[in-house]
1. Residues of region 346-373 being over 18 Å from PRO271 (Cβ atoms) and touching a Ser or Thr at 6+ places or on another chain (Cβ under 7 Å), which ones?
2. Restricted to region 94-134, and to residues that are part of a loop (DSSP other than H, G, I, E, B) and under 19 Å from the mean Cα position of the chain (by Cα), which residue is modelled with the lowest pLDDT?
3. Does any residue of region 44-53 turn out to be touching a Ser or Thr at 6+ places or on another chain (Cβ under 7 Å), at pLDDT 90 or above and crowded, with 20+ Cβ neighbours inside 10 Å?
4. Looking at region 56-71, which of the residues that are part of a loop (DSSP other than H, G, I, E, B) and open to solvent by 10 Å² or more (accessible area, probe 1.4 Å) is nearest to THR101 (Cα to Cα)?
5. I need the full set of residues from region 285-297 which are part of a helix (DSSP H, G or I) and either open to solvent by 70 Å² or more (accessible area, probe 1.4 Å) or without any contact (Cβ under 8 Å) to a residue 24 or more places away in the chain (or both), in order please.
6. If only one of ALA338, ALA354, ALA369 is open to solvent by 20 Å² or more (accessible area, probe 1.4 Å), closer than 22 Å to GLY292 by Cβ and of a type in the set (A, V, I, L, M, F, W, C), which one is it?
7. Test each condition in (1) modelled with pLDDT of 95 or more; (2) open to solvent by 10 Å² or more (accessible area, probe 1.4 Å) for SER308 and report the one that comes out false.
8. Looking at PHE324, PHE247, which one is hydrophobic (A, V, I, L, M, F, W, C), within 20 Å of LYS230 (Cβ to Cβ), touching a residue at least 24 places away in the same chain (Cβ under 8 Å) and out of contact with any Ser or Thr (no Cβ under 6 Å at 6 or more places or on another chain)?
Amino acid sequence: MPRKPLPFILYVLLAGCFAISAHTSSVSEDPPLHNGHSNAFGRAPRPVYSGLTAHEWGTFTSVAGKDGGAAEWSPLTGSTDLPSFVEHFRNAGFKLGLRGTVRMETPVLYLYDSREETVSVKVSFSKGIITEWYPRASRVEPAASIFDGTLYQHHADGSIAWDVVTVSPSLRAEFPRENLDNHYYAARLTSSTPLRVPTPAGEQQEKFLFYRGVSTFAVPVAARVTSPGKLMLENRGEEEIPNTILFERRGERVGYRIAGALQKDAFLDPPELTGSMNDLGRELEGMLVAQGLYQDEAHAMVETWRSSWFEEGSRLLYIVPRTFLDGVLPLTIHPAPAETVRVFVGRLEIVTAATEKAVERALHDGDNATLKTFGRFLEPILTTMIQRESSPGRAERFQRALSFYYSSEIAQNLH
């Protein structure tokens, strides 16, 4: 998709703030071999911890553009939703200019073992950088310098590595806590084995490895509103999308339509707003368990994202195919676990006619409370409205609102 220039004031205020220096890193991973046998090419088998299990879940968040594919936006706008002990790639001032197509949100990696083991973990991120993490990583390597606030320059993949992670079933840990209402803590409500990570300032302890990032890769599904009001889904990948859900919320009314697996194309009617978020939560948990997560992991994931997945607006939730996931987010654990399960939910925000009407009405009425319900998605919503608008006068009003949004975010970041 062609890049859309940001307002000039955005570049003036942010110029020079986005130099990101790092080193190049790459990972290759062979399948773990068991029983001490070498593979067909005569290579020695990789060590395997027969008692170690790794389970991971996360979210890829995008916004459907004019053609239905993931559009460019600023996914790091708005206030942080993480505890202060979580580490950041850079200070908050750089984040508004970091534009991409995908916000990788809250992957958490659980490790399970009945005895103490020490492993190293590395994750690479195609076309992206890692922006937040905990515990402290040994290396975080966005590769290249980014001067104009985007990830669209040529650069090697980003990565994050923890060289020494001790899986410690006997650990009686007191994990860091603050602001107990933060949804970060929901991910701890599992039976995963506690972890210890050494740092220069002392040992850090957690129930999982946590990280986030931003990238520019194309997601495997597109969603476009057609003239009769239906939603056209298109599988742009090579694998079947295991499951899809169309969700909509307008005020206190919610609805969802479970569309099942997506092999190629499908047309969906908007859901009737007669559903229950609790019912949808149970449906989602069942889908996650079917993909290999434990029940408490699936529940922790839904509870972590309940307020976000089920917020105002329309979105497609889908299960990311495993081969696609491993391609854009390769994971290496050494020695290798006997079992590794990875389940990611894709979230594709859809700008429907109902969303456009709600935003336009709120702009006309000066209803900032309603505009706030769209949060960080207000920017791509307004951008889409400008692209679709045939009236120059109305398009200009939407452009002024978008410029005001940018100015507000800049002021917040500078503060």
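1. Selection gives ALA362 alone.
2. Only one residue tops the list, namely LEU98.
3. Scanning region 44-53, I find no residue that is touching a Ser or Thr at 6+ places or on another chain (Cβ under 7 Å), at pLDDT 90 or above and crowded, with 20+ Cβ neighbours inside 10 Å, so the answer is no.
4. Start the filter on region 56-71 by keeping residues that are part of a loop (DSSP other than H, G, I, E, B), which leaves 65-69, 71.
Keeping just the survivors that are open to solvent by 10 Å² or more (accessible area, probe 1.4 Å) gives 66-67, 71.
Details: LYS66: 13, ASP67: 14, ALA71: 6 Å.
Result: ALA71.
5. Scanning region 285-297 gives GLU285, GLY286, VAL289, ALA290, GLN295.
6. ALA338
7. Answer for SER308: the failing condition is (1).
8. PHE247
The values are calculated or read from the model by the stated rules, or taken from the named source; none is laboratory data. Nothing here was measured: the structure is a model prediction, and the numbers come from that model. Using ideal geometry, Cβ is built from the backbone for each residue, glycine included, and neighbour counts are taken over all protein chains shown. Heavy atoms of the whole protein, side chains included, go into the accessibility calculation; ligands, DNA and RNA do not. Shrake-Rupley method; radii C 1.70, N 1.55, O 1.52, S 1.80 Å.
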